[in-house]
Amino acid sequence: MVKICCIGAGYVGGPTMAVIALKCPDIEVVVVDISKPRIEAWNSDTLPIYEPGLDDVVKQCRGKNLFFSTDVEKHVAEADIIFVSVNTPTKTRGLGAGKAADLTYWESAARMIADVSKSDKIVVEKSTVPVKTAEAIEKILTHNSKGINYQILSNPEFLAEGTAIEDLFKPDRVLIGGRETPEGRKAVQALKDVYAHWVPEDRILTTNLWSAELSKLAANAFLAQRISSVNAISALCEATGANVSEVAYAVGKDTRIGPKFLNASVGFGGSCFQKDILNLVYIIDPEKLREIGFIVYSIGKPLDAWLKDMPAVA
Ligand SMILES: NC(=O)c1ccc[n+]([C@@H]2O[C@H](COP(=O)([O-])OP(=O)(O)OC[C@H]3O[C@@H](n4cnc5c(N)ncnc54)[C@H](O)[C@@H]3O)[C@@H](O)[C@H]2O)c1
């Protein structure tokens, strides 16, 4: 029996692993966390988070092939595939403070994996991380690997809070990035086999590691950019007497544009959007990478400021 261990029983780790357990009765899934109250809640009738449909999924498999535990080291040591779904908040101090992701939790999880592992492991980045994190994690894991082979995969999560179970049941896509070596491809296939229990093959995309890491940040940047753009149009509507709902509806009817993420509002919110975009901004120096910086830099700026900054475009 394949054994999966997920480090981090949060918004992503809990629901994602519950759905994997439900859809893959032949796989044992253990979700571990250093937070005792969180694990106690996952083992109780009052789960630590609310998502429509989550209670049902957990009730169907908890105690059968889905377990929640604080015995992190034991379950990591026993697992074939380890998902790392710990928090990656924005750094509050040091280099890159206010922009770069704080990878302290990730690095400490990687060190623990290296310490307790006695067999080969596939380590899956589930957390949202900056591009090239897999390289740093690989260094930690292989620093004193005792002959153990680690394959790092990037498998970013695209679920949205509020529709997590629906998103996991019917994802637009599952993205798996790995090393382009025979061992890397084998690891990608092993994770693909897990998702193939319920996700149609043409929705499971496989890429190299860096494409997968960057795609998550880029997808959030595009979504935020749409909100930002419609907000800029809303300012134009106020000045001209147009109605932004009517304009957004008319624009969204174009099949090349589509209707989603075109609601004018106070701006884009949610910790994920803000921190993922900060992350992208952090890796882009707009002076050196003007064409790339242009997309990201424009997010969140009023249209006139954006045009002033980009004379070539204006
Ligand atoms: N919340 C979302 O909607 C969402 C969507 C997509 C991606 N993400 C990304 O997924 C990652 C996880 O997000 P989340 O919302 O689930 O975070 P969360 O804060 O809800 O959960 C993270 C959990 O990891 C645990 N943890 C931290 N270090 C640990 C360690 N060394 N060992 C064991 N447990 C440890 C914490 O105790 C916490 O319970 C983040 O990178 C986030 O950006 C989140």
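All of the numbers you see were taken from the coordinates with simple rules; none came from a lab. On a predicted model such as this, the values are computed, not experimentally measured, just so you know. Using ideal geometry, Cβ is built from the backbone for each residue, glycine included, and neighbour counts are taken over all protein chains shown.
Given the criteria over 20 Å from the mean Cα position of the chain (by Cα) and hydrophobic (A, V, I, L, M, F, W, C), does LEU66 qualify? It is true that LEU66 is over 20 Å from the mean Cα position of the chain (by Cα) and hydrophobic (A, V, I, L, M, F, W, C). Scanning segment 107-126 for any residue that is part of a loop (DSSP other than H, G, I, E, B) and within 23 Å of SER35 (Cβ to Cβ) turns up at least one such residue. Selection over segment 121-171 of residues that are out of contact with any helix residue (DSSP H, G or I) (no Cβ under 7 Å at 6 or more places or on another chain), within 12 Å of the ligand (Cβ to nearest atom) and β-branched (Val, Ile, Thr) gives a count of 1. Here GLY177 meets the list (1) touching a strand residue (DSSP E or B) at 6+ places or on another chain (Cβ under 7 Å); (2) more than 16 Å from the ligand (Cβ to nearest atom) almost entirely, failing just condition (2). In the set ALA196, ALA218, ALA235, only one residue is surrounded by fewer than 19 Cβ atoms within 10 Å (Cβ to Cβ), of a type in the set (A, V, I, L, M) and more than 19 Å from GLY178 (Cβ to Cβ); that residue is ALA235.
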